[in-house]
Amino acid sequence: MSIYQILVIIFALLIIILAVIILIIRNRFNFKIQKLSEDIKNFSTEIQKLDFRLKNQLEFIGLIFDNIPHGILLLDFQSRILKVNESAAALFYLEKEKAIGLKTIIVFNNINLENLIGRALKELRSQKEEITFYGDEDLNLEVEAIPLNFENFRLLLLFRNTTQEVEFAKLRSQFVANISHEMRTPLTSIRGYIETLLESDSTDKKIIKNYLAKAMGEIHRLNYLIEDILNLSNIEYRRNILVKQPSNLVEIIKDCIGSLAFLADNFNIKINFSYDRDPINFSTDSELFSQLVRNMIENTLFHGGEGVDLKINLEEKDSNIALIFSDNGIGINRKDLPFIFQRFYKGKNPFSKRKNSSGLGLSIVKHIVDLHNGSINAASIPGMETKFIITFPKI
């Protein structure tokens, strides 16, 4: 065999070996490619799953964000609004799309809010303050500025509406002031009458009796006031523990009429009670409902004049129950009508049989009606007819 042939054989063997090596490498490479392809596919599937979960979580967070009962704004480091929840939009009557991107000073124009934001961003800790926002309806809000450590979101503003709490505090303060005034007047009068008697050397029984009668009148006034204040306090207490039970309103009203029949006879007042059917059941606190009815009847007995006819009508409708009190007495002056349910308000009535009334009777009625989510309206044509319509929802 020649050298040439040997070289050809060696070259052929090398080609075969190289081909085998290439084949082995290609098979291994294909396997790795296939494995890599499967890994990429699996990775892509996992990414899709993560993306789906992330979207769901973001939607859930957005749902929570929008349904938090307090107003929330998210701001950037320049106090520009980035996000507004539904409560904040409703609180400030904001259009969310238009508010986003605007600075808080432009949206609210409130220097106290800007100072609060500035302190929170500077000191990098939460700041809280009571701030009043002025507008068509003034808002008293507790505002908390909370710094955030995110790339875009730098500050969270939390708004809690305390307007009602502030109003209640004012009403309580005013109520205490009114009580002090109402109690001081009869006490001063009683003191004056007694001091006059003590300093007087008169033995005239007529004079003494006159002063004592006046003092007794003021004592009655104090008694009415204390009784009504206790009733009002009882209603406020029951607001939180009100227990309503099915009660027959026909029976309650009949009992109230019976308990006041003696007074009605004395004042020559006729009470006529009509109703659709018996029983008419309603979920109520029967004690409070009785007080409502008594106060309404007493309103006519003491302030309607003598010889008056009082009609009480109880009607049951599909969605509500109506209780109507109407009389043909003296009536209520038009200028007094808007204020009759205010505490301590007493309209001018020269024919009133209770000159020293507390002015709380109709206010108590209004409180009881409100506790039952009802409404009360009054209309009067002096000398002809006065009507009170009380409506309670059945549900």
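Just so it is clear, none of the values below were taken in a lab; they were calculated from the coordinates. Keep in mind that what you see is a predicted model, and the values were worked out from it rather than measured. With ideal geometry, Cβ positions are generated from the backbone for all residues, glycine too; neighbour counts draw on all protein chains shown.
Data for the structure
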{"quantity": "Footprinting exposure proxy for V293, V250 (fewest neighbouring C-beta atoms within 10 Å first)", "calculated": "V250, V293"}
{"quantity": "Table column - 3J(HN,Hα) (Hz), the range 380-388, Karplus curve with 6.51, -1.76, 1.60, x for Gly and Pro", "calculated": "8, 10, x, x, 10, 7, 10, 10, 10"}
{"quantity": "Förster-model FRET efficiency, 22 Å R0, D370 and K317, C-beta, rounded to 0.05", "calculated": "0.60"}
{"quantity": "Per-residue HN-Hα couplings for the range 257-272 [Karplus 6.51, -1.76, 1.60; θ = phi - 60°; Hz; x = Gly/Pro]", "calculated": "4, x, 5, 10, 4, 4, 5, 4, 5, 4, 8, 6, 10, 9, 10, 10"}
{"quantity": "Estimated inter-spin distance, V243 and I15, nm [label 7 Å along Cα→Cβ]", "calculated": "10.8 nm"}
{"quantity": "Cut-off 16 Å (backbone N to label point 7 Å along Cα→Cβ of K254), residues of the range 300-323", "calculated": "312-315"}
{"quantity": "Rounded to whole Hz, the Karplus (6.51, -1.76, 1.60) HN-Hα couplings of the range 149-154, x for glycine and proline", "calculated": "10, 10, 4, 9, 7, 10"}
{"quantity": "Gain on full stretching of the segment that runs from Y93 to F339 - 0.36 nm per residue minus C-alpha separation", "calculated": "85.4 nm"}
{"quantity": "Length gained when the stretch L198-I324 is fully extended (0.36 nm per residue, less Cα-Cα span)", "calculated": "40.2 nm"}
{"quantity": "Placed amide H near K83: partners under 5 Å, 5+ positions off or other chain", "calculated": "L74"}
{"quantity": "Sorted by Cβ density within 10 Å, fewest first, the residues M384, M216", "calculated": "M384, M216"}
{"quantity": "Ranking of R294, R160 by count of other Cβ atoms within 10 Å, fewest first", "calculated": "R160, R294"}
{"quantity": "Residue-span extension gain [I389 to K209] - 0.36 nm each, minus C-alpha spacing", "calculated": "60.4 nm"}
{"quantity": "Filter on K244/K311; K254/K366; K270/K387; K244/K270; K98/K122 - keep pairs with C-alpha separation over 24 Å", "calculated": "K244/K311; K244/K270; K98/K122"}
